[in-house]
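**Student:** After the structure tokens below, expect a handful of questions from me.
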Amino acid sequence: MREKLSSSHSFSYMIEDPIARAQKWIEEQEEKKQALEVIERQKPKVLFADAVSTSKTSILIRELAKILKQNGVDIGQQRLFEWMRTNNYLIKRQGTDWNMPTQYSMERGWFEIIETSINRSDGSITIGKTTKVTGKGQLYFVNRFLKEKQSTYQEA
């Protein structure tokens, strides 16, 4: 009885019985092999995630909607904007702040605001603001939507 208890929670080298030690060693090797296979399968995803999250270029929300669509998420630009406003990633208040990132989103580095000056025909200059999704934001939103997609498939 004592041997069973000690062998179930210990490493193979800690087991006195040679047969039980060999069986435990085989189990450990199989677990290690499976873990290495998982790492190998996930390597391209990790490289992509690192590349996107450290990217210095940001994309429009419209482009994020297309990326999500390519990943099997049934959403377009308008519905993505609506979802982001509903879930407090973007400001819902009508006016100059419409579709600008919330403070919460900005603090996490998911969005950036690009300002451009627009020369009008009457000589006046106005400033236009565009919300863009950073590399970190792209990774966050793709993962968020894919997790939601998986949970809905598991419920069905």
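Bear in mind that the values in this text are calculations on the coordinates, not laboratory data. All figures in this text were calculated on a predicted structure; none of them were measured in a lab. Neighbour counts run over all protein chains shown; Cβ positions are idealised from the backbone, glycine included.
**Student:** If you bin the C-alpha pair distances of segment 56-155 every 5 Å from 0, what whole percents do you get?
**Tutor:** 2, 12, 20, 24, 16, 11, 7, 4, 2, 1, 0, 0
**Student:** What is the local net charge at PHE111, summed over the other residues whose Cβ is closer than 12 Å to its Cβ (Lys, Arg +1; Asp, Glu -1)?
**Tutor:** Summing Lys/Arg as +1 and Asp/Glu as -1 gives +2.
**Student:** How much length is gained if the chain between ILE19 and ASN99 is pulled fully straight, taking 0.36 nm per residue apart and subtracting their Cα-Cα distance, in nm to one decimal?
**Tutor:** 22.2 nm
**Student:** Using a basic spin-label model with each label point 7 Å from the Cα along Cα→Cβ, how many nm lie between ARG108 and THR86?
**Tutor:** Each label point lies 7 Å from its Cα, and together they span 1.7 nm.
**Student:** Something else: Greater than 32 Å separation of Cα atoms is the criterion. Which listed pairs, LYS33/LYS132; LYS33/LYS69; LYS92/LYS136; LYS32/LYS147; LYS32/LYS69; LYS92/LYS147, meet it?
**Tutor:** LYS33/LYS132; LYS33/LYS69; LYS32/LYS69
**Student:** Still on this model: Would you please put 68-76, 30-38 in order of how densely packed they are, using the mean number of other Cβ atoms within 10 angstrom per residue and starting with the highest?
**Tutor:** Going by the mean number of other Cβ atoms within 10 Å, highest first, we get 68-76, 30-38.
**Student:** Can you put TYR104, TYR140 in order of Cβ neighbours within 10 angstrom, beginning with the fewest?
**Tutor:** Going from sparsest to densest Cβ surroundings: TYR104, TYR140.
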